[in-house]
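The structure under discussion appears below in the form of C-alpha cells.
No lab work stands behind these numbers, since they all come straight from the coordinates. What you are looking at is a predicted structure, and each value in this text was computed from that prediction instead of being measured. Quick reminder, even Gly has a Cβ in these numbers, built from the backbone with ideal geometry, and neighbours come from all protein chains shown.
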Amino acid sequence: MYLYADDGFLPSAFVSHTQKRGNMHTPTLRRSARASLALIASACLLASCQNPDNRPADETSAATPESSASHSPTSSGPATTEATKTSATESEGPRATAEGHVVVLSTGGTIASTHDKTGAVVPTVTGSKLVEPLSGTFDSDKLTLEVKDIAKLDSSAMTLDDTDSIITAVHKELQRKDVDGVVVTHGTDSMEETAIAVDTFQDSEKPVALTGAMRPFDDPNPDGPDNLALAVKTVTDPANRGRGTFIAFADHVIPARGAFKSDTSKADGFANNNGEKQPQRPKALKFKPLGNTRVDIIAAYPGAPADLIQRSLDSGAEGIVIEGMGAGNIGDELAQAAQAAAKKVPVVLTTRVDHGPVEGIYGGAGGGATLADAGVISSGTLRAPQARMLLAAAITTGTDAEDLFAHAE
Ligand code: ASP
C-alpha cells in the first residue's frame, strides 16, 4: 500500500469558511509524500469486512465495549462472522483484502483529535497521520490510499456550508476514473447528517463510507484505526457498488439512510432504524448547495406551545421538522400551528423514539393520522437530524419532499 498525502483539492468555500473560525483549525495543506508500508496482518479485518452488512438483528442489543484505554474496541463487539476478532493493527496473519484506489477525505472529529494542555479533546491530526496505523494492514501491491485534508472540525460545529464542501469533495473524487471508493473521516456527533446528505446527492455507483472514532487519536487504545480499516474495506468491496453511502463503525457497516448515533460514549456508537433491510434510496438529486436553506427542528413535548413553529417561520425557516412523540404524535396547540404551517412550507413529522417507523395511527388534533390528512409528511424511518437534511435537499433542489420521504418508509 502506498500513501499519498496530497491536498490537491480544497474547495474554496471551505477555505474561507474554516478560516473564519477563531477556535477551529484551518485545513492543513501538505505536499505529496509516499510511504511504502510494512506488512502486518489483520485476520480480524478480513473477517469483519467480508460480510459488511451482517449486523445484529437488534442493534441495541449489540455488545458495546466501553471506552477504555485498556480495551480493544474490536475484541468484544457483536459477532459479525465466526472468525476470531483481533485488532487490525496488532494481529498477525494474512493481510486484509482490499483492492483498488481509495481516497480518504479527512474532516476532523475525535478520530483526528488529541488532548490539548487543558485536557480537552480537539481536532489536530492530519489525514496522512490517520492512515499511518494502517501500515501493512492491506496488500501494498493491491491498494492505494490517497489522503486529503479538507477540514479539522468538531462535527457538532459543522454548518450546511461545511456539508456542501464535503459533498462537493466526495463528488469530485467519485468522478475520477482511477478512484474506486471514498472514505470520509468525520466526527461522530453529526456523522448521520453528513452521511445522508452525501448519499442523497451520490450519483456514482462507487461506494462511500464515513467513519470516525469514539476515542481520540492519542488514546492509548484508539478505535480510529480499526474503524478506518473497516471503511476502506467497505468501499473496496464490489458488493457495495450501487448501494450509496455507509457508516463503517465498530465492526458494523450501516447504510447511511436510517443511521444514527446511539450512544454518547461506547465505542459501538451507531445503530440504524432499518433492521436487516437495505433501505430504498431515491434517485440521486443533482447537487445544489444546501447552505442557504434553513430547516428547523422543533421538539414536541406535552404542552409545547404553538409559537415554537410560528417563531421559526418568522425567522426564515423554509421547512420544519417536528420531532413528535411515540409513533408521531404531538399536542393540540402545536398541531394547530403545524397544520397552518403545512399550508405554507413542507412540514415533516418524526419521533423522538429511536426505533420503528413514524405512522399516522392516531386521531385527535395532534394525532399522526390527523396531521397526515393536513399534509404533514411522515419521515418514515428517519429521525430528526436526517429528516432535516433530506428536507433541506428537497427544498434546495425543488424536489417534492413527499416523494423524497416516500423512500424512507
Ligand atoms: N465531538 C466529536 C465530533 O463530532 C465527537 C466524535 O467525533 O466522536 O467531532
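Tabulated data for the structure shown
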| item | result |
| --- | --- |
| 18 Å reach of a label modelled at residue 284, 7 Å along Cα-to-Cβ, counting backbone N of the stretch 220-242 | 235-242 |
| Relative packing of 227-234, 191-198, which averages over residues the other C-beta atoms within 10 Å, highest first | 227-234, 191-198 |
| Ordering of 320-327, 332-339, 105-112 by packing [mean C-beta count within 10 Å, highest first] | 105-112, 320-327, 332-339 |
